[in-house]
């Protein structure tokens, strides 16, 4: 007989910004996932092995909406961050990159004490489950080029322009 893990209940809400739609998923602990592509919640639920309820992310929706309007520079939300020890180290350091600033993958690798791990850092940044809150859009190439953002380079540019990091 095999034991099954209980299916987790996550709350889902949607935020619309310009032509983009984001889905916020939260557990009872905090924000777990932000989908930058506006996927249907049933598809996200299947991917995450969860059931979905709606309308319980008022504070996350409010803060994300304030950020998108240019009225918020940092978030004050509980989060439910899950990853490997390496990913958590990268995401923790990434969360410290200030609004309006950028950092290269190599600089981020050096900050976590792994200066030769820029590619691994890039993979961890790409696996960030809560973009915007953990600002992976602030990571750029060593030449200053906008590269590697799960929401697409148009959205990355939009966020960095909003923050005044680029023109």
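Readers should treat all values here as calculations from the given coordinates under stated rules, not as data from a laboratory. Computed from a predicted structure; not experimentally measured. Note: ideal-geometry Cβ built from the backbone for every residue, glycine included; neighbour counts use all protein chains shown.
Determine the calculated [θ] at 222 nm for the chain from helices alone, applying -39500 (n - 2.57) to every DSSP H run no shorter than 4 residues and normalising by the residue count; nearest 500 deg cm²/dmol.
Details: 6 runs with 55 residues, N = 167.
Only helices count here, giving -9500 deg cm²/dmol.
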Fill in the blank from the handout: The rounded separation in angstrom of the Cα centers of segment 133-167 and segment 39-106 is 15
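May I ask you to derive the relative contact order of the chain, considering only C-alpha pairs under 8 Å and at least 6 residues apart, and to give it as an integer percent?
19
So if I take the alpha carbon set of the chain, get Rg, then get Rh from the Kirkwood formula, what is the Rg over Rh ratio? Numbers along the way, then the final one.
Values: Rg = 16.2 Å, Rh = 16.6 Å.
Rg/Rh: 0.98.
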Handout entry: Semi-axis lengths (Å, descending) of the ellipsoid that matches the C-alpha gyration tensor of segment 85-162
Key = 18, 13, 11
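Given the C-alpha atoms of segment 8-68, compute the convex hull and give its volume per residue in Å³. Working shown, then result.
On the way: hull volume 4.3 nm³, N = 61.
So the per-residue hull volume is 70 Å³.
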Exercise for the section: State, as an integer percentage, the relative contact order of segment 8-68 based on alpha-carbon contacts under 8 Å between residues 6 or more apart. Expected result: 39
Problem - Among 14, 143, 65, residue whose mean-square fluctuation peaks in a GNM of the chain (springs only between Cα atoms under 10 Å) - result: 143
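In terms of the ratio Rg/(2.2 N^0.38 Å) built on C-alpha atoms, what value belongs to segment 71-125? Present the calculation step by step, with values, prior to reporting the outcome.
Numbers: Rg = 11.9 Å, N = 55, 2.2 N^0.38 = 10.1 Å.
Rg over 2.2 N^0.38 Å, computed on Cα atoms: 1.18.
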Exercise for the section: Working from Cα positions, state the angle (0 to 90°, nearest 10) between the long axis of helix 58-68 and the longest principal axis of the chain. Expected result: 30
Fill in the blank from the handout: Helix 153-162: inclination vs the chain longest Cα principal axis, degrees, rounded to 10, gives 70
Exercise for the section: Calculate how steeply helix 85-94 sits against the longest principal axis of the alpha-carbon atoms of the chain, using the helix alpha-carbon long axis, and give the answer as 0 to 90 degrees to the nearest 10. Expected result: 60
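Taking neighbour counts of Cβ atoms within 10 Å as a proxy for exposure, in what order, fewest first, do 26, 104, 53, 11 appear?
Values: 26 24, 104 18, 53 13, 11 21.
Placing the least packed residue first, the sequence is 53, 104, 11, 26.
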Practice task
Grab the Cα-Cα distance for residue 65 and residue 21, subtract it from 0.36 nm times how many residues apart they are, and report the gain in nm with one decimal.
Solution key: 14.7 nm
